[in-house]
Amino acid sequence: MSTPASRLPKKLAKSSTRSTDPHSLRFSLFLRTIATLATTRLRLSRLLSAPILRSKHKGAGFRTMTSSADVKFTTQIMPLRQSDITFNLSAAPLHPYDSPTLTIRPSETKDALDQASHYLNETTQPVAFPTETVYGLGADARKTESVRSIYAAKKRPADNPLIVHIGSLTQLRHLLRTSPTQNDKDLIPAIYHPLINKFWPGALTIVLPLPKPSPISTLVTAGQSTFAVRLPSHPLALALLLHSDCPLAAPSANASTRPSPTLASHVHTDLGSRIPFILDGGASNVGVESTVVNGLVSPPVVLRPGGVSVEEIKTVGGVWGDVVVHRPGRKDLEGVPQAPGMKYRHYSPSARVVLFENVPVTDIVRILDTPAKENVKNKKVGVMRTRTWSAPGAETALRELGASEVLDRSLGTDGEDISRGLFAVLRELDGEGCDMIFVEGVGEEDEGLAIMNRLRKAASETVVQA
Ligand code: TXA
Ligand code: MG
């Protein structure tokens, strides 16, 4: 990586102590500053525009070297620390994130956010960044070429629209305003005000009418007349959104069909060498993606269950007390637009995932049919336990079925813990080379709805006991 501008004066001061004449010292300092700044700029602009990046990464992390035609980037992972950032939030009666500002102290965090902002503003390459739900792969939602590079890196189908992330309500209003005389108050539909007050910043995405004309690229919306938007709560996501001053279109930063990433290393596994830059903010705390709601229809619909539960949304009251959950085959919701992404295969590790719904650990062997039993023989099998399965019980069952090796993992019994660990453990067991993964399902209340939604998509088979 080129030398950050903030470090230049120190270096120059050190090298110039040899000179004794204060005038020549000042002049040589001047010349060297110009020369060094010029090379730094050159290096930086080369770095930012070159299709093949050969920069050395500074932070702890990973590098992927170029090797095939498909492989283009030396991916840098840059660590960020929340303690380097201070937010000044808006005072009541405004929403705290109406027009927040931030201060970033000189640090590696500042360097990383500067670089990420350069990528977003000066190139068409996307940047991976942490959010509280899962890691996102972001690009300026207003620039079609930048948004195109997200679809390319993920190999995502072009008819699956992206969520726009904003760092403030002011940023959202800029996207909604079609004339300078519009009243700020009218820009965000009133139906969403109670949700915004309660759940933003956070794991809730709302669907808004796309203004005409709209600054948002048509690639973001995949041609729909609406767009989805979220104000995340992760301080590093907010810092990136505010520091770059970009509304970011950002899907989860996994390769299409793979489980969503909750660590920078997951992003690197899927997209290393396909993207230049990953901001590392540690583990995502929620672990499943945001809830997507459409309040433009009556009754309002949850299009994708996620980090905010349906029960929590109902506590808002009014029309939100009647919110319904979109499920395939629901006759009363025919004609209601769904989340286009929900039709795609998703969250799938390479291992064969078998989901057990309502099956006590003591019934695993009895309930499986003969082909399923045969499938386990001599296989390396992972187990993901939740609320009732015991470790010895699950392992005993799998040994009885002839598994050659058993890797047992508990996700915990609490809904938040299960959500947090879900994708990470699927990825871990996959990475260990498991042929099959047996997962204990949960009830669909609270966090359970999003958990089961993800597990059903990940599973190649579901075993249900009435
Ligand atoms: O938590 C999250 O939502 C993460 C983080 C990065 O913010 N993002 C995420 O994005 O999960 P993605 O692209 O993996 O999922 C976006 C979902 C898809 O199911 C998509 O179809 C739906 O949102 N969506 C986007 N725009 C929509 C729209 N206008 N109407 C209905 N659904 C929409
Ligand atoms: Mg996704």
Does the stretch 204-224 contain at least one residue that is over 19 Å from residue 291 (Cα atoms), of a type in the set (Ser, Thr, Tyr) and modelled with pLDDT under 95?
no
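Could you grab me the full set of residues in the stretch 117-140 that are touching a His at 6+ places or on another chain (Cβ under 8 Å) and either more than 16 Å from ligand 2 (Cβ to nearest atom) or not aromatic (Phe, Trp, Tyr) (or both)?
117, 130, 131, 132, 136, 138
Specify which of the listed residues (185, 198) is modelled with pLDDT under 95, surrounded by fewer than 20 Cβ atoms within 10 Å (Cβ to Cβ), more than 16 Å from ligand 2 (Cβ to nearest atom) and part of a helix (DSSP H, G or I). Give the derivation first.
Working: 198 fails: modelled with pLDDT under 95.
Only one candidate passes the filter, namely 185.
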Only one of these conditions is not met by residue 171: (1) in a loop (DSSP other than H, G, I, E, B); (2) away from ligand 2 (no atom under 16 Å from the Cβ). Which number is it?
(1)
Search the stretch 354-368 for residues that are on the phi > 0 side of the Ramachandran plot and pair each with any residue that is surrounded by fewer than 20 Cβ atoms within 10 Å (Cβ to Cβ) and not aromatic (Phe, Trp, Tyr) when their beta-carbon atoms are under 9 Å apart and the residues are at least 6 apart or on different chains.
358/443; 358/464; 358/465; 358/466
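Within the stretch 412-423, can you find the residues that are in contact (Cβ under 8 Å) with a residue 24 or more places away in the chain and surrounded by fewer than 20 Cβ atoms within 10 Å (Cβ to Cβ)? First the steps, then the outcome.
Looking only at the stretch 412-423, we keep the residues that are in contact (Cβ under 8 Å) with a residue 24 or more places away in the chain, and these are 412-413, 415-416, 418-423.
Those that are in contact (Cβ under 8 Å) with a residue 24 or more places away in the chain and surrounded by fewer than 20 Cβ atoms within 10 Å (Cβ to Cβ): 412, 413, 416.
To keep it simple, each residue is scored yes or no on (1) in a strand (DSSP E or B); (2) under 24 Å from residue 414 (Cβ atoms).
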residue: 283; (1), (2): no, yes
residue: 289; (1), (2): no, yes
residue: 293; (1), (2): yes, no
residue: 296; (1), (2): no, no
residue: 299; (1), (2): no, no
residue: 302; (1), (2): yes, yes
residue: 307; (1), (2): no, yes
residue: 312; (1), (2): no, yes
Would you mind stating whether residue 251 is within 16 Å of ligand 2 (Cβ to nearest atom) and touching a residue at least 24 places away in the same chain (Cβ under 8 Å)?
yes
Of the residues in the stretch 121-148, how many are among the charged types (D, E, K, R) and either assigned to a strand (DSSP E or B) or within 12 Å of ligand 1 (Cβ to nearest atom) (or both)?
2
Picked from the stretch 243-262 (must be surrounded by fewer than 24 Cβ atoms within 10 Å (Cβ to Cβ) and outside any loop (DSSP other than H, G, I, E, B)), the residue nearest to ligand 1 (Cβ to nearest atom) is 244
Before we move on, is residue 163 under 26 Å from residue 298 (Cβ atoms), within 12 Å of ligand 1 (Cβ to nearest atom), surrounded by 24 or more Cβ atoms within 10 Å (Cβ to Cβ) and among the aliphatic types (A, V, I, L, M)?
yes
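Quick check on this structure: which one of 362, 386 is hydroxyl-bearing (Ser, Thr, Tyr), buried (at least 18 other Cβ atoms within 10 Å of the Cβ) and at pLDDT 95 or above? Working first, answer last.
Values: 362 fails: buried (at least 18 other Cβ atoms within 10 Å of the Cβ).
Result of the check over 362, 386: 386.
The values are calculated or read from the model by the stated rules, or taken from the named source; none is laboratory data. Since we're looking at a predicted model, the values are computed, not measured. Methodologically, a virtual Cβ is constructed for each residue, glycine included, from the backbone with ideal geometry; neighbour enumeration extends over all protein chains shown.
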